[in-house]
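We did not get these values from a lab; they are worked out from the coordinates using the rules stated. The shown structure was predicted, so the numbers you read here are calculated from the model rather than taken from an experiment. Cβ placement follows ideal geometry from the backbone for every residue including glycine, while neighbour counts extend to all protein chains displayed.
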Amino acid sequence: MRSETDVVVIGAGQAGLSSAYFLRRSGLEFVVLDANSRPGGAWQHRWPSLRLDKVHGFHDLPGLAFHEQDEHRMASEVVAEYFARYERTFDLPVHRPVEVLAVRDAGPRLLVETTGGTWAARAVINATGTWTRPFWPHYPGQETFTGRQLHTADYRTAEEFRGQHVLVVGGGTSAVQLLIEIADFASGTTWVTRRPPVFQDAEFGPELGREAVAKVDQRVRAGLPPASVVSVTGLMRTPQVRDAQARGILTRKPMFDRITPTGVVWADGTEQQADVILWATGFRAALDHLAPLHLREPGGGIRMDGTRVVAEPRLHLVGYGPSASTIGANRAGRTAVREIRQLLTTRPVETAAAS
């Protein structure tokens, strides 16, 4: 089955819903395709112990305030409820569960092939985020480890590590949050990062935010993969982090040389026994379905001009690179829709027979 529309939005998380809001106001015909079975985007999959008071930088979606007074509720539940209310309030045409398999160039239109049929679109906004692409680095001996290995995406609760020694790999905010949680239950923890962590005493304000966005934007304009947020901003030294540092929980060690059946070994022969290795090593952009468009640059990234893909001006990536934050996604959604509207007004609408 093939359907035609002006714009297809892929993904119904923060970036996708923001884009849909501005599309609704633009008068363009559009659909939103979401692989999840219910509203909530990636938030619905976050670990249960992530409460609202531990969430950094969640912003309202455009047009509807996020009113939640109980900061001790699970973020996964509260944000999912908010997203569902948002879809209903603005009567957004979200189709789910629909998995996008491929996006192809079909001349005057882009073909979006899915598990629920094919959409022929005059433009596409990709808002698939990163949650479905956890990054697992490889180290020698990894397959011999007899304990448990899991990624942040698989984490549920710190209580399951009671009495175990947990080795956490990664230098991001999630690694710090989970180390602090796990330390209350584990027999011991070890924190390992590739680079020494940089803690910021200043609050994450507008100036630091603009600086971070500018640095990431510079990379994607050059066709390089986006840098991680922490590599640009550093880690915020919150009261919780200060307490953990005082307790010795956030004492970092450099990356180990190899993994053994019972732990890890550094180049100097130092060993650390471990029952669990938790890979808090981040995520990669979920863009495999765009492979038929051949967008990758020699540097490994996709060359961008704002939200627009340089090699394919009908395609916008929202929630990618400099817009990979809740407030950034809101602004990027508005920008993408404005540019798409301008583009489509200069091109005639193809009839079904012509396409």
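Annotations
- The amide H of Glu99, built 1.01 Å from its N in the peptide plane, has Thr115, Gly116 as neighbours under 5 Å, considering only residues 5 or more places off or on other chains.
- Sites Thr157 and His67, calculated FRET efficiency, Cβ-Cβ separation with R0 35 Å, nearest 0.05: 0.80
- By the equivalent-ellipsoid construction on the alpha carbon gyration tensor, the range 2-44 comes out with semi-axes of 19, 13, 6 Å, ordered largest to smallest.
- Shape class for the range 1-147, computed from the alpha carbon gyration tensor (a ≥ b ≥ c): oblate, with a/c not under 1.5 and a/b at or below b/c.
- A crude spin-label estimate for the pair Glu29 and Glu77, with each label 7 Å from Cα along the Cβ direction, gives 4.2 nm.
- Inter-label distance, nm, simple model (7 Å from Cα along the C-beta direction), Glu271/His59: 5.1 nm
- For the options Gly319, Gly170, Gly107, a Gaussian network treatment of the chain with springs between C-alpha atoms closer than 10 Å singles out Gly107 as fluctuating the most.
- DSSP-defined beta bridges in the chain - what % are antiparallel, rounded to 5: 40 percent
- In the chain, the ratio of gyration radius to Kirkwood radius, Rg to Rh, stands at 1.00 when only Cα atoms are counted.
- Trypsin sites (Lys or Arg not before Pro) restricted to DSSP loop in the range 23-130 with at most 16 other C-beta within 10 Å: Arg73
- Residues whose placed amide H lies under 5 Å from that of Leu235, excluding near-sequence neighbours: Val198, Phe199, Gln200
- Between Pro254, Pro225, Pro298, the Gaussian network model of the chain with springs among Cα atoms under 10 angstrom shows the greatest mean-square fluctuation at Pro298.
- Annotation: amide H-H contacts under 5 Å for Phe283 (H modelled 1.01 Å from N, sequence separation of 5 or more, or interchain): Phe135.
- ³J(HN,Hα) computed for each position of the range 243-258 - Karplus, 6.51 cos²θ - 1.76 cosθ + 1.60, integer Hz, glycine/proline x: 5, 5, 5, 5, 7, x, 6, 9, 8, 8, 10, x, 4, 6, 8, 7
- Take the Cα of Gln142, step 7 Å toward its Cβ, do the same at Arg2, and the gap between the two points is 4.2 nm.
- For Gly223, neighbours were defined as the other residues whose beta-carbon sits under 15 Å from its Cβ, and their charges (Lys and Arg +1, Asp and Glu -1) total +1.
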